[in-house]
Ligand code: GRF
């Protein structure tokens, strides 16, 4: 069976991207075809290139808020790479409904909270401020509504009394690196059965 082609979009270090790259080996039904960033200086680009994965970047800054124009530029390396699946992994740009609809059913994102709690930013700070005893991460299909699509997987972590947002973020990130590869493998096999990691 042909391997599914996966493009991964990043904005920074790309630790989730690396976990995904390292998982796509052997009998895994998918292989990476591109790592694409909105920041030409994203450290993840060099890390992907070191692993022999094609990389590209489209700096969003010259588009100065013209999201559609930026996304049209993003489409060029994407169309060249012909991905079957897009994985947003620490990708920090909001995508327009036009772009999202084009990839409907084929685009995943990982968000550092137990959605539907804490859509948006500063999720760890908000969980601590709320006194939550549990927190975690979610992989979901991307839909036009921010951080709102069908949930494909979640992993939970305890919130400790002396947690700072940094210690909690680190505990969640560790679970992201387990959850995202596990969900991508199922998704690449055609399964949308949600996965809840203990
Ligand atoms: C992390 O905060 C992670 O929770 C979220 O994006 C940020 C950077 O992730 N998904 P990465 O290390 O670039 O994958």
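What residue, among those in segment 81-94 that are surrounded by fewer than 19 Cβ atoms within 10 Å (Cβ to Cβ) and under 17 Å from residue 3 (Cα atoms), is farthest from the ligand (Cβ to nearest atom)? Restricting to residues being surrounded by fewer than 19 Cβ atoms within 10 Å (Cβ to Cβ) and under 17 Å from residue 3 (Cα atoms), the top hit is 82. Can you go through 171, 186, 156 and tell me which one is closer than 24 Å to residue 2 by Cα and without any contact (Cβ under 8 Å) to a residue 60 or more places away in the chain? None of the others qualify; the one that does is 186.
FYI, it's all coordinate maths here, none of it is from the lab. Just so we're clear, the structure is a prediction, and the values are computed from it rather than from any experiment. Because the Cβ atoms are built from the backbone with ideal geometry, glycine has one as well, and the counts that use them run over all protein chains shown.
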